[in-house]
Amino acid sequence: MEQTLKLGIFYQDSAAKKRWAVKFDDPKALEQIGGVFVAVEPNGGSQMPTGKPLLFGYLKIGPNHP
């Protein structure tokens with residue numbers, strides 16, 4: 001069964017390196033995640049995605065780079 005799980009919002013981790021991050025600390029939930037996507041949401045977020053996915057990544061396959 002596919003289910004959407006809200007992981008949080010991006011915050012700026014390093015302005016000098018132009019790096020953003022999301023923190024999520026539920027190991028049992030993370031074990032079940034097969035993919036993630038990023039969507040633009042209203043200020044403050046929303047319980048379920050309302051925008052189209054902008055980025056998507058599969059987590060259950062090997063990397064395609066060395």
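The values are calculated or read from the model by the stated rules, or taken from the named source; none is laboratory data. Since the model is a prediction, treat every value here as computed from it, not as a measurement. A quick note on method: Cβ atoms are made from the backbone with ideal geometry, for glycine too, and the neighbour counts reach across all protein chains shown. Side chains included, ligands, DNA and RNA excluded: accessible areas come from the protein's heavy atoms. Shrake-Rupley method; radii C 1.70, N 1.55, O 1.52, S 1.80 Å.
A few comments on the model shown:
- Region 18-66, residues that are free of Cβ contacts under 8 Å to residues at least 12 places away in the same chain and among the aliphatic types (A, V, I, L, M): A21, L30, I61
- Among the residues of region 25-66, the ones that are touching a strand residue (DSSP E or B) at 6+ places or on another chain (Cβ under 8 Å), over 16 Å from E2 (Cβ atoms) and hydroxyl-bearing (S, T, Y) come to 1 in all.
- Considered as a group, the residues in region 1-27 that are small (G, A, S) and either open to solvent by 100 Å² or more (accessible area, probe 1.4 Å) or part of a loop (DSSP other than H, G, I, E, B) (or both) include one that is nearest to T50 (Cα to Cα), and that residue is G8.
- Residues that are surrounded by 10 or more Cβ atoms within 10 Å (Cβ to Cβ) and out of contact with any Pro (no Cβ under 9 Å at 6 or more places or on another chain), drawn from region 35-47: G35, V36, V40, G45, S46
- Yes/no for E41 being acidic (D, E), at pLDDT 85 or above and part of a loop (DSSP other than H, G, I, E, B): yes
- Every residue from region 49-66 that is loosely packed, with under 10 Cβ neighbours inside 10 Å and either assigned to a loop (DSSP other than H, G, I, E, B) or touching a Ser or Thr at 6+ places or on another chain (Cβ under 8 Å) (or both): K52, L59, K60, I61, G62, P63, N64, H65, P66
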